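To start, the structure itself, in structure tokens.
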Amino acid sequence: MAKLEILEFPDPRLREVAKPVDQVTDELRTLVDDMFETMYDAPGVGLAATQINVHKRIVVIDVSEDQSEPLVFINPEIEVLDEEHHQYDEGCLSVPGFYETVERPRRVRVKALDRGGEPFAMEAEGLLAVCIQHEVDHLNGKLFVDYISPLKRNRIRSKLEKAHRQRA
């Protein structure tokens with residue numbers, strides 16, 4: 001397995017819309033394994049393929065405390081089950097060090113393919129629902145900073161650009 005580089009905001013590659021996966025292959029399963037290793041090492045609870053500059057509709061998530069509940073979503077589709085929204089402080093591996101309050105639907109159903117290429121559906125609420133929506137946003141070229149005010153978004157952009165320059 002390999003740890004992969006995570007793109008950081010405002011990298012324009014994070015805005016690319018991911019393409020559907022045609023076939024689940026051994027190569028794709030290796031990518032999924034690498035995504036889990038990268039996510040756990042970061043550490044994070046979710047990672048979309050877009051964040052590692054692979055523009056395929058793949059998401060890995062594990063919201064457990066002990067990294068014991070890995071979930072794979074290939075070609076995920078979300079259906080909102082409850083119009084009630086709740087607010088959650090979200091962070092992102094592509095926007096390191098920043099957390100902002102985002103409002104999202106409380107309950108969703110997701111349909112996807114699993115790591116073996118088998119279709120499944122599940123309902124989610126709470127942190128898992130937030131994480132699924134956040135990661136699927138990545139596949140659509142959207143970041144959690146798009147939900148906050150332009151002033152806050154520009155402040156975050158400036159701080160991350162400065163950090164990138166200092167590392168270079």
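For the reader, a short list of remarks on this structure follows.
- Taking every residue in the stretch 75-98 that is assigned to a strand (DSSP E or B) and pairing it with any residue that is loosely packed, with under 15 Cβ neighbours inside 10 Å, at least 6 positions away or on another chain, the pairs with Cβ-Cβ distances below 6 Å are 75/20; 77/111; 85/103; 87/101; 87/103; 89/99; 89/101; 91/99.
- Filter result for the condition that a residue is part of a helix (DSSP H, G or I) and more than 27 Å from residue 22 (Cβ to Cβ), over 63, 130: 130
- In the stretch 133-152, residue least open to solvent (accessible area, probe 1.4 Å) [restricted to those that are in a helix (DSSP H, G or I) and farther than 21 Å from residue 62 by Cβ]: 145
- Within the stretch 1-27, residues that are open to solvent by 60 Å² or more (accessible area, probe 1.4 Å) sit with their Cβ atoms under 7 Å from residues that are among the hydrophobic types (A, V, I, L, M, F, W, C) and at pLDDT 95 or above, at 6+ positions apart or across chains, in these pairs: 5/52; 13/7.
- Where a residue in the stretch 113-140 is closer than 13 Å to residue 103 by Cα and its partner, wherever it lies, is acidic (Asp, Glu) and open to solvent by 20 Å² or more (accessible area, probe 1.4 Å), with Cβ under 7 Å and at least six apart: none
- Of the residues 28, 14, the single one that is outside any strand (DSSP E or B), at negative phi and touching a helix residue (DSSP H, G or I) at 6+ places or on another chain (Cβ under 8 Å) is 14.
- Filtered residues of the stretch 28-68 (kept if touching a Pro at 6+ places or on another chain (Cβ under 7 Å) and open to solvent by 10 Å² or more (accessible area, probe 1.4 Å)): 36, 57
The values are calculated or read from the model by the stated rules, or taken from the named source; none is laboratory data. The shown structure was predicted, so the numbers you read here are calculated from the model rather than taken from an experiment. Counting neighbours? That spans all protein chains shown, and the Cβs are built from the backbone with ideal geometry, glycine included. These accessible areas exclude ligands, DNA and RNA; they are computed on the full protein's heavy atoms, side chains included. Shrake-Rupley method; radii C 1.70, N 1.55, O 1.52, S 1.80 Å.
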